[in-house]
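Participant: Before I ask anything, let me first share the structure, which is written out below as structure tokens.
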Amino acid sequence: SEQTFTAFGPGTYWVEAVDSCSGVQLDTISILVEPATQVELPSDIVVCPGSELTFSLTGFASYQWFPSAAVDCQDCPVIHATIDSSTAIIVVAGTALGCYSIDTVHIELIPPFSTVDTIAFCKGDTVSVFGQSITSPGDYQMAFVTENGCDSIHTITLVEVVPLDISLSPTNTSCYGEADGMLFIENDDPAFQFSLDGISYQPNPLFTSLPAGEYQLNIRHSVGCEEIVSFHIGQPPKLALSLPQDTSIRLGDSLFLLAQTFPTDSLLLNWSPAEGLSCTDCLQPVASPLETTLYSLIVENTSGCIVEDEMEVRVRFDKQVYIPNAFSPNGDGRNDLFYLFGGPDVAIILRLRVFDRWGELVYKEQNLPPNQPAGAWDGTFRGQRLNPGMFIYIAEVEFINRQVEVFKGEVNLVR
């Protein structure tokens, strides 16, 4: 009896309407319920790169596919999707009566599986790659199928080890016979190691403490490539020095120390000890030693190289004193005076005394030079000429080595 009616199910419903004039109008309406329609896309999908998927739906009046960039048609019942990355495909399907259904399929893209291996090989060697013998550097590929059916690529890159373009910088020894030579290898590649004996290798490009000679440098790459390069460590000429054989002289004598060197130019000389030498920085000094002396000469050149030699000068203390055993003070100019004679080893006559046979001192003098008549005894005593006879002398003589010796004897005064 109301103007509105709510139907709670499908069926045919009729309505009777009576107007104010009691007129009756009849009508019917059929209510149909459309069968439920559910969109059903496939379950989530795992695909390989570049895969193309097809989705097909029926029974709907309209279709909307998302995202639009992933499908070839956004409002078609059948679409194609090329998968370049993991994504989700969404569809909204509508019926003619305005009902809609939504579904989503998740698509996981398996990333491309590829491996790259790098193999270094020596020039001239053969490498087996995928069952083939390869002698040239480059990239070599082989396709495989993974367990999920996707393609994979295995790439092997062959790198040829180029012979090392090195520069050797050898340094000669500082002096002849020294072991201080060096070798520096200009190299920035840590894959190379070096050896001088072919056994012990080192990455350090510097070798030190090398004596002069010919060498072979062994160069090895980490992959086993080897190369041998020769080089030379030089040395300056030998600094030579020669002194005379050991010798002997009498006290008071001198000699040249005749040193010989090679080379002879630009040398520093140092004799030691300095006592008894005319110079210490000359090549051939005069030596006048007062005692046996071992002389040493050190020679140094401009490079700092040093050579040394030595010689011994033995000094004989012969006590070269000559005392006359007679003199004749008769005024004839020959042998008129009594005085002492000495060699170059005599420094001075400290004191000279003469006694007669009864022990009386008839003459005395001191600090007399040898070989000089000054101050000599003329055979007188207190201004009177003495008679011929034998007299006793005592002489104290100091030598240049500061030793003092006493000489005693007889002298015959002859008229």
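The values are calculated or read from the model by the stated rules, or taken from the named source; none is laboratory data. Just so it is clear, the model here is predicted, and its values are computed rather than measured. Counting neighbours? That spans all protein chains shown, and the Cβs are built from the backbone with ideal geometry, glycine included.
Participant: All but one of (1) over 36 Å from the mean Cα position of the chain (by Cα); (2) loosely packed, with under 13 Cβ neighbours inside 10 Å; (3) over 15 Å from residue 311 (Cβ atoms) hold for residue 256; state the number of the condition that does not hold.
Facilitator: (3)
Participant: Condition first: exposed (fewer than 11 other Cβ atoms within 10 Å of the Cβ), modelled with pLDDT of 85 or more and either part of a strand (DSSP E or B) or of a type in the set (D, E, K, R) (or both). Can you find one or more residues in region 27-48 that meet it?
Facilitator: Yes, that holds for at least one residue.
Participant: With the checklist (1) without any contact (Cβ under 8 Å) to a residue 40 or more places away in the chain; (2) surrounded by 13 or more Cβ atoms within 10 Å (Cβ to Cβ); (3) more than 25 Å from residue 239 (Cα to Cα) in hand, flag the one item residue 333 doesn't pass.
Facilitator: Single failed check for residue 333: (2).
Participant: Name the residue that is farthest from residue 399 (Cα to Cα), counting only residues in region 254-293 that are outside any loop (DSSP other than H, G, I, E, B) and polar (S, T, N, Q).
Facilitator: 261
Participant: Being in contact (Cβ under 8 Å) with a residue 60 or more places away in the chain and closer than 26 Å to residue 253 by Cα narrows it down to one of 396, 310, so name that one.
Facilitator: 310 is the lone residue from the list that is in contact (Cβ under 8 Å) with a residue 60 or more places away in the chain and closer than 26 Å to residue 253 by Cα.
Participant: Based on what the data block shows, is residue 24 surrounded by 10 or more Cβ atoms within 10 Å (Cβ to Cβ) and either of a type outside the set (Phe, Trp, Tyr) or in contact (Cβ under 8 Å) with a residue 60 or more places away in the chain (or both)?
Facilitator: Criteria not met by residue 24.
Participant: Of the conditions (1) assigned to a strand (DSSP E or B); (2) among the β-branched types (Val, Ile, Thr); (3) out of contact with any His (no Cβ under 6 Å at 6 or more places or on another chain); (4) at pLDDT 85 or above, residue 54 satisfies every one except a single condition; which number is it?
Facilitator: (3)
Participant: Taking region 364-387, which residues are within 17 Å of residue 327 (Cβ to Cβ) and either touching a Gly at 6+ places or on another chain (Cβ under 9 Å) or not assigned by TED's automatic domain parsing to the domain that holds residue 407 (or both)?
Facilitator: Across region 364-387, the qualifying residues are 365, 368, 370, 371, 385, 386.
Results for (1) at pLDDT 95 or above; (2) under 30 Å from residue 414 (Cα atoms); (3) in a loop (DSSP other than H, G, I, E, B), shown as yes or no for each residue.
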site: 295; (1), (2), (3): yes, no, no
site: 310; (1), (2), (3): yes, no, no
site: 314; (1), (2), (3): yes, no, no
site: 344; (1), (2), (3): yes, yes, yes
site: 353; (1), (2), (3): yes, yes, no
site: 374; (1), (2), (3): no, yes, yes
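Participant: I'd like to verify a number: residues in region 378-396 that are more than 15 Å from residue 364 (Cβ to Cβ) and in a strand (DSSP E or B), how many?
Facilitator: The number of residues fulfilling the criteria is 4.
Participant: Looking at (1) more than 30 Å from residue 242 (Cβ to Cβ); (2) of a type in the set (S, T, N, Q); (3) under 52 Å from the mean Cα position of the chain (by Cα), which one does residue 387 not meet, given that it meets all the others?
Facilitator: Of the numbered conditions (1) more than 30 Å from residue 242 (Cβ to Cβ); (2) of a type in the set (S, T, N, Q); (3) under 52 Å from the mean Cα position of the chain (by Cα), the odd one out for residue 387 is (3).
Participant: Among the numbered criteria (1) at pLDDT below 90; (2) under 28 Å from residue 151 (Cβ atoms); (3) in a loop (DSSP other than H, G, I, E, B), which one does residue 72 miss?
Facilitator: All conditions are met except number (1).
Participant: Sticking with this structure for a sec: Just a yes or no: is a residue in region 146-167 under 37 Å from the mean Cα position of the chain (by Cα) and more than 19 Å from residue 223 (Cβ to Cβ)?
Facilitator: The answer is yes, given that some residue of region 146-167 is under 37 Å from the mean Cα position of the chain (by Cα) and more than 19 Å from residue 223 (Cβ to Cβ).
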